[in-house]
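Structure first, commentary second.
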Amino acid sequence: MAPLKRLGIYSVRPDLTTPWAKDHNLAMESQDAVVIGAGVVGLAIARALAQAGRDVLILESEGAIGTGTSARNSEVIHAGLYYSKDSLKARFCVEGGRLLYDYCQARGVAHQRLGKLLVATNESEMPLLEKLKQSAQDNGVEGLQDLTAAQAQSLEPDLFCLAAIYSPNTGILDSHALMLSLLADAEAKGAVLALRSPVVGGALSGERIHLRVGGAEPTEIEAGLVVNAAGLGAWAVAREIVGLPPAHIPHCHFAKGNYFNLAGKTPFSRLVYPVPGHAGLGVHFTRDLAGRGRFGPDVEWVDKIDYRVDPERGLAFYDAIRSYWPGLKDGALEPGYAGIRPKVQGPNDPAQDFVIERAHPRFIGLYGIESPGLTSCLAIGGHVARMAAGA
Ligand SMILES: Cc1cc2nc3c(=O)[nH]c(=O)nc-3n(C[C@H](O)[C@H](O)[C@H](O)COP(=O)(O)OP(=O)(O)OC[C@H]3O[C@@H](n4cnc5c(N)ncnc54)[C@H](O)[C@@H]3O)c2cc1C
């Protein structure tokens, strides 16, 4: 019996059986809306669709929710300082950050509004600091304050800088508690999660979409709406959907971000970020809800998914960190974990926006949902549900 059939949440339509399904002796299963991927973004989309009255099935290739990029990030609720005006990143980060604080408060998801210092550590960075503040204000980021070096150091005595911007609304959260809560909301409205159910292919066919689901007991699903929120796997999923025009599949690049943990007491009580670099926000200091400090992520362009952290990369961390924390002692850093940014931007390209597009009336694809995707999840969920309402 097919794994989804055991869940008893779909109607079986033998009349719709395709050649592939016939070969595998399967009946076609019919579903209103399918979300591919149970990361924080897929779950937020599933929640929004279910709350809008759709029957939602979430297909996740792994054996648990949130084991991809959503488990491998800084868990920072960003204020929206970095993104160009009118971009989806700017819009969803500012809106999503507000929604997320309200949501965490209402649902008891652990979080702390720690505040963040964005620092310039040499004269050449000063104009960039001013530019970032201007663009942040253009994006509707509230509460930013210019700090002199003395003011910044009165907040964080171990910090070195020439000047800083203080962002009081930057914070941290428990991303796993958030994902569990989003799933619970979606399930309360009838959504169903199918684990170990990788989407391995499909076809656009007239008004419907057929999906092939692999795993131990393969099955085939006919859906009225498919949302591809497979993160790093989104491009592979899209390429396997017959009939999806290649022009609707953007470029795909992976940029690994390695973290190093700090052994011992943390130097700062707030988050500390240097001015951003190309393709990343610079090797910054964040802490988790337990108060443990870590530095990263750096930027390492990669071709495949490998989360091991090369201890050799730690050498570059010491120089980068000492630009704003001269007190860092030799040997204080230990290899931590890594995440991989799903990027539309390549190594030599300017920054790119999130890509969220309807390539077909029944297919919405999300690509390049890198930072600030966690912060933006609720805003993205609402956006996709509104797009779907027209489907
Ligand atoms: C190093 C790093 C640091 C970051 N820090 C922050 C931060 O501090 N704040 C912030 O706002 N954002 C941050 N981000 C971005 C944020 O983590 C992501 O935008 C967000 O987690 C993306 O969620 P997602 O659901 O799109 O992807 P994912 O969490 O990767 O979920 C995709 C899911 O799809 C599943 N899947 C893949 N292929 C298939 C398939 N064929 N069939 C079925 N399922 C499939 C995967 O198993 C996975 O569970 C960071 C990202 C990185 C890499």
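When a footprinting reagent is the concern and you count Cβ atoms within 10 Å, what order do Lys256, Lys131 take, fewest first?
Listed from fewest to most nearby Cβ atoms, that is Lys131, Lys256.
Count Lys and Arg as plus one, Asp and Glu as minus one, and take only other residues whose Cβ is under 15 Å from that of Ser124; the net charge is then -2.
When the pairs Lys85/Lys256; Lys85/Lys265; Lys131/Lys304; Lys89/Lys116; Lys85/Lys304; Lys116/Lys256 are compared against a 29 Å limit on Cα-Cα distance, Lys85/Lys265; Lys131/Lys304; Lys85/Lys304 fall above it.
Take every Cα pair under 8 Å whose residues are at least 6 apart in sequence, average their separation, divide by the length of the chain, and the relative contact order is 23 percent.
Can you compute the FRET efficiency between Asp158 and Leu128 using 1/(1 + (r/R0)^6), with r the Cβ-Cβ distance and R0 = 22 Å? Round to the nearest 0.05. The calculated FRET efficiency here is 0.45. Summary of the geometry: region 161-236 and region 284-308, compared by the centres of their Cα atoms, lie 22 Å apart. The Cα center of region 314-385 and the Cα center of region 82-158 differ in position by 16 Å. As a length-normalised measure over Cα pairs under 8 Å and 6 or more apart, the relative contact order of region 329-391 settles at 26 percent.
By the Kirkwood approach, averaging reciprocal distances over each pair of separate Cα atoms, region 292-372 gets a hydrodynamic radius of 15.6 Å.
Net charge near Ala177: determine it from the other residues with C-beta under 15 Å of the C-beta of Ala177, scoring Lys and Arg +1 and Asp and Glu -1.
On the way: positive: Arg47, Arg107; negative: Glu75, Asp174, Asp185, Asp288.
Here the charged neighbours net out to -2.
Straight-line cross-link reach from Lys329 at under 15 Å between alpha-carbon atoms covers these aspartates and glutamates, not counting any fewer than eight positions away in the same chain: Asp158, Asp319.
What number comes out for the charge environment of Asp86, summing +1 per Lys or Arg and -1 per Asp or Glu over other residues with Cβ under 14 Å away?
On the way: positive: Lys85, Lys89, Arg91; negative: Glu95, Asp138, Asp353.
Once all neighbours under 14 Å are counted, the net charge is 0.
FYI, it's all coordinate maths here, none of it is from the lab. Only a predicted model underlies this, so the values are computations on that prediction, with no experimental measurement involved. Methodologically, a virtual Cβ is constructed for each residue, glycine included, from the backbone with ideal geometry; neighbour enumeration extends over all protein chains shown.
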